[in-house]
Ligand SMILES: Cc1ncc(COP(=O)(O)O)c(C=O)c1O
């Protein structure tokens with residue numbers, strides 16, 4: 001387990017909620033921010049704030065250096081070949097929509113197939129539904145195994161030579177399942193399809209290496225990995241991005257503008273129309289420094305241990321069902337559950353009364369809820385600042401909820 005001292009970097013955790021010390025178990029929705037990130041953003045606004053790429057003045061140069069420095073930091077973080085392959089976006093949702101609208105519209109036609117799975121977040125479903133509707137392509141789903149994992153046999157039998165795009169979540173935000181992305185990428189490539197990875201729940205927790213995975217695109221969000229909201233990343237292979245058209249047009253992304261025709265800047269800027277998310281990128285760079293200092297391998301190990309412990313302790317509560325892989329080594333630090341027939345919103349409300357923050361609802365994964373045959377679940381998601389004591393508080397809170405709703409059992 002990581003040192004408890006890590007908590008001291010997160011000012012927000014040092015408070016009481018409803019008379020109890022806060023236990024934050026909703027990092028899957030958004031993570032908390034360490035003081036290092038808050039300070040980096042503050043420093044930018046206090047000493048560097050200016051627009052980038054345009055200024056001949058000192059502040060403009062400072063802001064540009066910090067913004068482009070953040071891009072280099074992201075490049076190293078995911079081991080991309082070049083900063084031209086790193087595009088700053090608003091988040092995973094925008095990154096995935098960019099691929100669907102730019103690459104998708106140019107390369108998918110009637111009769112083609114787009115392959116996703118039943119465990120996708122809405123952000124990795126709807127852009128493909130829209131693309132399929134526009135182009136006449138077929139959207140296909142890879143079936144899940146009973147424990148909420150993917151089998152490579154199912155992957156092989158779903159992807160065909162008609163498949164043009166495979167888009168799969170690396171770590172499920174509901175089941176916690178970690179998918180074999182490298183192997184799936186290989187299968188997609190054997191059929192001439194490209195591989196898009198939704199890395200929203202992976203980037204905060206695992207060491208990512210896009211060259212090793214060989215994926216064609218990877219999307220993730222800064223706010224789930226200790227960075228600020230409003231910044232995300234689209235990684236794409238240079239040879240693909242180079243021939244893709246931008247989807248947003250305006251300032252910053254142009255080379256020359258005439259009355260009737262314009263040309264675009266080179267990569268990555270042609271995909272960054274308008275004033276970029278400068279403070280967001282700087283905050284993300286500070287978050288990467290923070291995570292790397294602790295070590296992504298250490299963070300992943302810590303979360304595996306917490307998830308295993310949580311599953312062990314939670315399974316002693318009669319009537320509590322946990323969804324997703326039973327084997328903790330197949331899942332990240334996410335435990336989704338239901339307590340008998342009590343609505344998860346009610347469970348989450350009782351937990352909140354005890355100072356414990358969990359999420360309840362469909363987790364932006366309604367097709368997965370259908371697959372699980374429930375309308376909603378509660379979810380505890382762990383991050384580097386969570387401790388064994390947090391799990392004990394969760395289990396005690398769940399026992400309180402169970403007593404509270406005793407009547408309905
Ligand atoms: C797996 C997954 N994909 C995509 C998203 C969307 O991320 P964002 O809202 O930051 O664009 C989320 C957010 O919860 C997620 O968990």
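Here is how the numbers come out for the structure above:
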| read-out | value |
| --- | --- |
| Close pairs from region 212-225: first in the same structural domain as residue 121 (by TED's automatic domain parsing) and within 14 Å of residue 184 (Cβ to Cβ), partner near the ligand (Cβ under 10 Å from one of its atoms) and part of a loop (DSSP other than H, G, I, E, B), Cβ under 6 Å, at least 6 apart | 218/199 |
| Helices (runs of 4 or more DSSP H) enclosed by region 62-171 - at least 1 residues per element that are in contact (Cβ under 8 Å) with a residue 24 or more places away in the chain and within 16 Å of the ligand (Cβ to nearest atom) | 92-98, 126-135 |
| Selection count, region 214-260, where residues are assigned to a helix (DSSP H, G or I), more than 16 Å from the ligand (Cβ to nearest atom) and surrounded by 15 or more Cβ atoms within 10 Å (Cβ to Cβ) | 2 |
| Hits in region 328-339 - residues which are in contact (Cβ under 8 Å) with a residue 40 or more places away in the chain, closer than 14 Å to residue 306 by Cα and surrounded by fewer than 24 Cβ atoms within 10 Å (Cβ to Cβ) | 330 |
| Residue that is farthest from the ligand (Cβ to nearest atom), among those in region 28-37 that are touching a helix residue (DSSP H, G or I) at 6+ places or on another chain (Cβ under 7 Å) and part of a loop (DSSP other than H, G, I, E, B) | 34 |
| Test: residue in region 362-371 that is within 17 Å of residue 314 (Cβ to Cβ) and either out of contact with any strand residue (DSSP E or B) (no Cβ under 7 Å at 6 or more places or on another chain) or without any contact (Cβ under 8 Å) to a residue 12 or more places away in the chain (or both) | no |
| Within region 76-86, tally of residues that are surrounded by 20 or more Cβ atoms within 10 Å (Cβ to Cβ) and either at pLDDT below 95 or within 22 Å of residue 31 (Cβ to Cβ) (or both) | 3 |
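The values are calculated or read from the model by the stated rules, or taken from the named source; none is laboratory data. Predicted model, so just to flag it, every value in this text is computed and none were measured. Cβ sites come from the backbone with ideal geometry, for glycine too, and all protein chains shown count toward neighbours.
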